[in-house]
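Heads up, the thing below is written out as structure tokens.
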Amino acid sequence: MSNELPRGLRNNNPGNIRVVKGQVWQGEITGSRKKDKSFCEFVTIAHGYRALIKLLQNYRRKNGLNTLRQMIQRWAPPHENNTTAYLRFVTGKMGVPADCVPDVGNRDTMCAMAAAISEMENGIPAQMPDVLAGWEMLNE
């Protein structure tokens, strides 16, 4: 059995954000230093959490997704994931119903959501100081 970290943590990308042509996140590794062609890689785990939280905020602000259910359906679409189980996991960790409307400007809410997504993606509980560091980077 390998002691290797899950891909998302190896890439400092706890949400397993996919590479999108033309999109470069703050702190994202690009060019010849990049090893993973499918998923973003970040300089630090805080940069990865920053991108995860920013993307969730954009779901509300730019895409009009209001409920946690809508956000998770976009984040973990059924053609790639068991979206129902994913949503159940995140809502269970956050202690909220699937149709709640999270305050995307609230630190505690967004850090709880990011931590739950990270744990679902990587199978390892998030380290809250790392999640909070991502939030702080976002709001500098």
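The values are calculated or read from the model by the stated rules, or taken from the named source; none is laboratory data. Just so it is clear, the structure is predicted and the values come from calculations on it, not from any experiment. Quick reminder, even Gly has a Cβ in these numbers, built from the backbone with ideal geometry, and neighbours come from all protein chains shown.
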Exercise for the section: For segment 1-27, name all the residues that are assigned to a loop (DSSP other than H, G, I, E, B), surrounded by fewer than 13 Cβ atoms within 10 Å (Cβ to Cβ) and either small (Gly, Ala, Ser) or under 14 Å from the mean Cα position of the chain (by Cα) (or both). Expected result: Ser2, Gly22
Problem - Single residue of Glu136, Glu80, Glu121, Glu140 found to be surrounded by fewer than 17 Cβ atoms within 10 Å (Cβ to Cβ) and assigned to a helix (DSSP H, G or I) - result: Glu136
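Out of the residues in segment 28-62 that are polar (S, T, N, Q) and modelled with pLDDT of 95 or more, which is surrounded by the most Cβ atoms within 10 Å (Cβ to Cβ)? Working first, answer last.
Narrowing segment 28-62 to residues polar (S, T, N, Q): 30, 32, 38, 44, 57-58.
If we keep only those that are modelled with pLDDT of 95 or more as well, we get 44, 57-58.
Details: Thr44: 14, Gln57: 16, Asn58: 12.
Restricting to residues being polar (S, T, N, Q) and modelled with pLDDT of 95 or more, the top hit is Gln57.
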Practice task
Would you check if there is a residue in segment 58-65 being in contact with a helix residue (DSSP H, G or I) (Cβ under 8 Å, 6 or more places away or on another chain), in a helix (DSSP H, G or I) and in contact (Cβ under 8 Å) with a residue 12 or more places away in the chain?
Solution key: yes
Handout entry: Pairs, first on the phi < 0 side of the Ramachandran plot in segment 103-127, second at pLDDT 95 or above and of a type in the set (S, T, N, Q), C-beta under 6 Å, six or more apart
Key = Asp103/Thr109; Val104/Gln57; Glu121/Asn16; Ala126/Ser118
Handout entry: Options Gly48, Gly134: the member that is touching a helix residue (DSSP H, G or I) at 6+ places or on another chain (Cβ under 6 Å) and either of a type in the set (Asp, Glu) or closer than 18 Å to Gly27 by Cβ (or both)
Key = Gly134
